[in-house]
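Engineer: I am attaching a structure below and will ask some questions about it afterwards.
The values are calculated or read from the model by the stated rules, or taken from the named source; none is laboratory data. A quick note: this is a predicted structure, and the numbers were derived from the prediction, not measured. Heads up, the Cβs are rebuilt from the backbone with ideal geometry, glycines too, and the neighbour counts pull from every protein chain shown.
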């Protein structure tokens, strides 16, 4: 890793905020108890976990008792999908065609367990087609899962409208808000979802902590059985330092949200002005999006090629979803939006953070322009 | 938490080794990539994970490809039990009567999924009764789970002998080695188990990391579906810093094992000499045990009472298993060993670490003696 490299892949993971690290350090430097233990060490650890729970809850307008800590977003998604399914006889689960693998793969797994999996379509702008949702919900559906913001395009969904439709059909709604947290305001009650997944490491918190925010009326079974932590919903010794860090990362994200949005949106607009000038198509560009995400392609240029070339020039960007280990296929999100598969292979993602600067954006655009020229020259020579 | 308190509860959790923290800090202080990402940040993170995998594997005599990182011991146990069960049609799973809840609760859960759960008995010394194992294995059994060392008594099991019996009956063997790691030498191949659970925070590593060491012939399904990390067996962004810490904690535990054992065994003998002088019964005292664990009781004295009283005097000890949230019942481990339930309620556990000192042991014994006298005086007054 070159320390001078510019990190433009914040939807994959983010640097730990040093204020968050400072809050975590006492829990790493000094002996800690197991929060289940009844001695002073244990009580101290328990208190730290409960304080963090309140911080997370407060950030998303939930009650602390609604927050179930997990090891991360993937576990939160799996707990929602598999946990709701385990609590009842198989009917149908509906997931949108643009979900993260942490949602659609547990749903696929349930197909082998007697569940029907229905797919909710999106339009060409990456927005859930509400008529497709209504149609899907004609069959008895236990759970609908629609992400609040897409990790690749950044496109936002109208979760309150989707929740209203789900309620009308008696289906529970889970929303993967891993990418939305810290980038837009999130209010669990206002969204109207019954369950919501969060992750710490996408908001400058540590890896190893996430949460499922859960409407207490939801009948759900644990994924991990054991000591009965998290009121029996997630056994295993709590990762105290990571949970403490998650709590503060949430609090900071909430307190600084408007400033961060303003900074990042400015950078993103600067970036996209440049990208459009270079001839890029920006996917979901017509939709309301996260302020930090640009997913784009140039004709006849492979996304993978561009990622590798830009990495050599010192810019870390992504092609398709960095959370997936198989990226030889074009993005399923773009295919769902009706993008031509060949063009979709060109897609690269820049996802910004408040730690990026205008200078970095300009440097990126210049390097990209040079690289595009080089690739075009090479293509011309190859003809 | 009083910083001057003496921590004698190392089987619940341990303080992070400051050398381990030092190794983790670069991964917390500097921007890290997602190991799945293809840019320089991602490759750097991937390399750190693979280095730690080799350290863990080397410590337990396994091959790096046999190590599946999890969020901790509970997840490793659940992955072994639920994962093997998910890969085949229900038959029987056999667990010993002294397993940790992270083993017996997932087994109980499977009872609702068509599996039969058989219980393997232990003798009065807390050792697996091999005739009970043989008897249980008369019925077709997919998986046997027997812990390498018990978390409460510290009693060791003869895993190679158990593995041989399992092999003869065509059953897979999983062993929860969470308490054994770092306290005795562990060799995955020599043990002969097909799967083995490990945890970082019990060996002065960080919370949030563990592993399932897995014989590659085992047919197993993931618990967490998503991005396909850990060769598809454990999806979710890797907790890089925790995994790095786990790797070094293993390496240190291996390198310093003999010294640690010598130190701790001396302290434990000093402790038990004192305890016996005060009239304690030491559970499993006739068996080969971990060098650090003493589980004991005095007649007519509640374990809970003693834990609270000793906590006030500045000594952190445990009653029953600190990993369980319901400790109103007497220890299931002692009941399985045939201990009278009333006497079992008196059980308290001291679990030592290499950071404890002879002075602390003497201080503990003195404080305990005073407390026992006080409790006996109170009991005499109450009559």
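Engineer: Among the candidates A:307, A:333, A:339, which residue alone is out of contact with any helix residue (DSSP H, G or I) (no Cβ under 8 Å at 6 or more places or on another chain), in a loop (DSSP other than H, G, I, E, B) and either within 14 Å of another protein chain (Cβ to nearest Cβ) or crowded, with 21+ Cβ neighbours inside 10 Å (or both)? Let's see the steps before the verdict.
Structural biologist: Working: A:307 fails: in a loop (DSSP other than H, G, I, E, B); A:333 fails: in a loop (DSSP other than H, G, I, E, B).
Exactly one residue qualifies, and that residue is A:339.
Engineer: Quick one: residue A:27 ticks every box in (1) closer than 28 Å to residue B:17 by Cβ; (2) surrounded by fewer than 20 Cβ atoms within 10 Å (Cβ to Cβ) bar one, so which box is it?
Structural biologist: Evaluating residue A:27 over (1) closer than 28 Å to residue B:17 by Cβ; (2) surrounded by fewer than 20 Cβ atoms within 10 Å (Cβ to Cβ) leaves (2) as the failure.
Engineer: For the range A:254-263, indicate whether the set of residues that are free of Cβ contacts under 8 Å to residues at least 60 places away in the same chain and closer than 30 Å to residue A:35 by Cα is non-empty.
Structural biologist: Going residue by residue through the range A:254-263, those that are free of Cβ contacts under 8 Å to residues at least 60 places away in the same chain are A:255, A:258, A:262.
Subset that is closer than 30 Å to residue A:35 by Cα: A:255.
Checked the range A:254-263: at least one residue is free of Cβ contacts under 8 Å to residues at least 60 places away in the same chain and closer than 30 Å to residue A:35 by Cα.
Engineer: Which is free of Cβ contacts under 8 Å to residues at least 40 places away in the same chain and either surrounded by 21 or more Cβ atoms within 10 Å (Cβ to Cβ) or not assigned by TED's automatic domain parsing to the domain that holds residue A:70 (or both), of A:186, A:133, A:143?
Structural biologist: Details: A:186 fails: free of Cβ contacts under 8 Å to residues at least 40 places away in the same chain; A:143 fails: free of Cβ contacts under 8 Å to residues at least 40 places away in the same chain.
From the options A:186, A:133, A:143, the qualifying one is A:133.
Engineer: Being within 14 Å of chain A (Cβ to nearest Cβ) and either within 26 Å of residue B:101 (Cβ to Cβ) or in contact (Cβ under 8 Å) with a residue 12 or more places away in the chain (or both), is that true of even one residue in the range B:286-303?
Structural biologist: Keep residues of the range B:286-303 that are within 14 Å of chain A (Cβ to nearest Cβ), which gives B:302-303.
Next, from what is left, pick out any that are either within 26 Å of residue B:101 (Cβ to Cβ) or in contact (Cβ under 8 Å) with a residue 12 or more places away in the chain (or both): B:302-303.
Checked against the condition, which is being within 14 Å of chain A (Cβ to nearest Cβ) and either within 26 Å of residue B:101 (Cβ to Cβ) or in contact (Cβ under 8 Å) with a residue 12 or more places away in the chain (or both), the range B:286-303 yields at least one hit.
Engineer: Taking residue A:154, is it modelled with pLDDT of 95 or more and either in contact with a helix residue (DSSP H, G or I) (Cβ under 7 Å, 6 or more places away or on another chain) or in the same structural domain as residue A:354 (by TED's automatic domain parsing) (or both)? Quick ask: steps written out before the conclusion?
Structural biologist: On the way: modelled with pLDDT of 95 or more: yes; either in contact with a helix residue (DSSP H, G or I) (Cβ under 7 Å, 6 or more places away or on another chain) or in the same structural domain as residue A:354 (by TED's automatic domain parsing) (or both): no.
Considered against the rule, which asks whether it is modelled with pLDDT of 95 or more and either in contact with a helix residue (DSSP H, G or I) (Cβ under 7 Å, 6 or more places away or on another chain) or in the same structural domain as residue A:354 (by TED's automatic domain parsing) (or both), residue A:154 comes out as no.
Engineer: Please enumerate the residues belonging to the range B:25-41 that are at the interface with chain A (Cβ under 7 Å from one of its Cβ atoms) and either at pLDDT 90 or above or in a helix (DSSP H, G or I) (or both).
Structural biologist: Result: B:28, B:29, B:40, B:41.
Engineer: Considering B:80, B:102, B:76, B:54, which residue is in the same structural domain as residue B:121 (by TED's automatic domain parsing) and surrounded by fewer than 24 Cβ atoms within 10 Å (Cβ to Cβ)? Even if it seems obvious, please write down each step before you answer.
Structural biologist: Working: B:80 fails: surrounded by fewer than 24 Cβ atoms within 10 Å (Cβ to Cβ); B:102 fails: surrounded by fewer than 24 Cβ atoms within 10 Å (Cβ to Cβ); B:76 fails: surrounded by fewer than 24 Cβ atoms within 10 Å (Cβ to Cβ).
Of the residues listed, the single one that is in the same structural domain as residue B:121 (by TED's automatic domain parsing) and surrounded by fewer than 24 Cβ atoms within 10 Å (Cβ to Cβ) is B:54.
Engineer: Quick check, is residue A:174 within 14 Å of another protein chain (Cβ to nearest Cβ) and either buried (at least 23 other Cβ atoms within 10 Å of the Cβ) or within 25 Å of residue A:110 (Cβ to Cβ) (or both)? Spell out how you get there, then give the answer.
Structural biologist: On the way: within 14 Å of another protein chain (Cβ to nearest Cβ): no; either buried (at least 23 other Cβ atoms within 10 Å of the Cβ) or within 25 Å of residue A:110 (Cβ to Cβ) (or both): yes.
Answer is no for this residue.
Engineer: May I ask you to list the residues in the range A:67-86 that are touching a helix residue (DSSP H, G or I) at 6+ places or on another chain (Cβ under 7 Å) and in a helix (DSSP H, G or I)? Before the answer, list the steps.
Structural biologist: Of all residues in the range A:67-86, those touching a helix residue (DSSP H, G or I) at 6+ places or on another chain (Cβ under 7 Å) come to A:67-70, A:73-74, A:77-78, A:81-82, A:85.
Within the range A:67-86, A:73, A:74, A:77, A:78, A:81, A:82, A:85 meet the criteria.
Engineer: Among the residues of the range B:228-255 satisfying the criterion of being over 19 Å from the mean Cα position of the chain (by Cα) and surrounded by fewer than 24 Cβ atoms within 10 Å (Cβ to Cβ), which is nearest to residue A:104 (Cα to Cα)? Break it down stepwise before answering.
Structural biologist: Of the range B:228-255, the ones over 19 Å from the mean Cα position of the chain (by Cα) are B:228-241, B:244, B:255.
From what is left, the residues that are surrounded by fewer than 24 Cβ atoms within 10 Å (Cβ to Cβ) are B:228, B:230-233, B:255.
Numbers: B:228: 12, B:230: 18, B:231: 18, B:232: 14, B:233: 16, B:255: 44 Å.
Within the range B:228-255, the match that is nearest to residue A:104 (Cα to Cα) is B:228.
Engineer: Still on this structure, I have one more. Against the condition within 13 Å of chain A (Cβ to nearest Cβ) and in contact with a strand residue (DSSP E or B) (Cβ under 7 Å, 6 or more places away or on another chain), how does residue B:205 come out, does it pass? Walk me through it before giving the result.
Structural biologist: On the way: within 13 Å of chain A (Cβ to nearest Cβ): yes; in contact with a strand residue (DSSP E or B) (Cβ under 7 Å, 6 or more places away or on another chain): no.
It is false that residue B:205 is within 13 Å of chain A (Cβ to nearest Cβ) and in contact with a strand residue (DSSP E or B) (Cβ under 7 Å, 6 or more places away or on another chain).
Engineer: Go over the candidates A:106, A:64 one by one and state the one that is touching a helix residue (DSSP H, G or I) at 6+ places or on another chain (Cβ under 6 Å) and without any contact (Cβ under 8 Å) to a residue 24 or more places away in the chain.
Structural biologist: Values: A:106 fails: without any contact (Cβ under 8 Å) to a residue 24 or more places away in the chain.
Result: A:64 is the single residue among A:106, A:64 that is touching a helix residue (DSSP H, G or I) at 6+ places or on another chain (Cβ under 6 Å) and without any contact (Cβ under 8 Å) to a residue 24 or more places away in the chain.
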